[in-house]
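The values are calculated or read from the model by the stated rules, or taken from the named source; none is laboratory data. Fair warning: this is a prediction, and the values are worked out from it, not measured in the lab. Heads up, the Cβs are rebuilt from the backbone with ideal geometry, glycines too, and the neighbour counts pull from every protein chain shown.
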Amino acid sequence: MTSSAPAPSVLDLAPVVPVVVVEDLGDAVPLARALVAGGLPAIEVTLRTPVALDAIRAIAAEVPDAVVGAGTVISPRNVTDSVEAGARFLVSPGWTDALLDAMRGSGVPFLPGVSTTSEVVALLERGVTEMKFFPAEAAGGTAYLKSLGAPLPQARFCPTGGINAGTAPAYLALPNVGCVGGSWMLPADAVAAKDWARVESLAREAASLR
């Protein structure tokens with residue numbers, strides 16, 4: 001389906017994009033509802049488990065206020081499968097020309113992953129200005145992103161990887177950071193206990209970081 005209105009930027013939906021690994025398909029919908037209720041509508045479901053695509057499909061069908069996307073997209077097949085399942089954005093940990101072409105042709109917003117200046121410049125050369133910075137903490141954190149801001153101000157980032165509630169505000173304060181990705185609002189014990197009220201509360205705290 002085509003629309004005359006441009007798709008909203010993933011970077012502008014919320015200050016935090018939850019990075020979700022769904023192990024139990026039954027958790028997908030209540031987990032998504034809790035995140036949305038807490039003010040985090042953009043939800044990245046990583047393609048790391050056998051039920052990931054079904055989780056995207058369920059959230060897309062049953063949680064209308066969620067903007068569900070696919071993460072750990074590493075092949076053109078991942079792109080096709082994710083969009084067919086209902087993903088409204090795509091996130092990759094890195095990129096190749098083939099993967100970038102597939103994401104660009106998908107019709108949905110995408111964030112290709114970068115961790116070096118050369119990768120950023122290569123994407124800018126191809127007309128891509130919004131990217132995932134991964135793995136954020138290991139690749140240099142806020143100091144690295146601050147250093148990129150002066151020579152490459154047109155690049156905007158969603159840093160992901162090792163970020164938590166304590167470090168997120170420093171990233172969000174940078175002018176070239178639109179949002180951050182993380183999973184701290186989804187502690188393993190809360191998910192195991194299906195304590196969706198706690199997830200909602202943590203999501204609300206994350207949504208208020210900016």
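Here are the numbers for the structure shown:
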{"read-out": "Qualifying residue in segment 83-90 (condition: of a type in the set (Lys, Arg) and not in a helix (DSSP H, G or I))", "value": "yes"}
{"read-out": "Any hit, segment 38-49, residues being at pLDDT 95 or above, polar (S, T, N, Q) and out of contact with any strand residue (DSSP E or B) (no Cβ under 9 Å at 6 or more places or on another chain)", "value": "yes"}
{"read-out": "Test: Phe89 is surrounded by 17 or more Cβ atoms within 10 Å (Cβ to Cβ), of a type in the set (Phe, Trp, Tyr) and either closer than 16 Å to Pro8 by Cα or out of contact with any Pro (no Cβ under 7 Å at 6 or more places or on another chain) (or both)", "value": "yes"}
{"read-out": "Single condition Ala61 does not satisfy, out of (1) surrounded by 20 or more Cβ atoms within 10 Å (Cβ to Cβ); (2) not in a loop (DSSP other than H, G, I, E, B)", "value": "(1)"}
{"read-out": "Selected residue [among the small types (Gly, Ala, Ser), within 30 Å of Ala173 (Cα to Cα) and surrounded by fewer than 22 Cβ atoms within 10 Å (Cβ to Cβ)] from Gly113, Gly94, Gly71", "value": "Gly94"}
{"read-out": "Condition broken by Gln154, with the remaining ones in (1) touching a Gly at 6+ places or on another chain (Cβ under 9 Å); (2) part of a loop (DSSP other than H, G, I, E, B) satisfied", "value": "(1)"}
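Yes or no, residue by residue, for (1) outside any loop (DSSP other than H, G, I, E, B); (2) among the basic types (Lys, Arg):
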{"position": "Val108", "(1), (2)": "no, no"}
{"position": "Ala122", "(1), (2)": "yes, no"}
{"position": "Ala143", "(1), (2)": "yes, no"}
{"position": "Ile163", "(1), (2)": "no, no"}
{"position": "Ala170", "(1), (2)": "yes, no"}
{"position": "Glu200", "(1), (2)": "yes, no"}
{"position": "Arg210", "(1), (2)": "no, yes"}
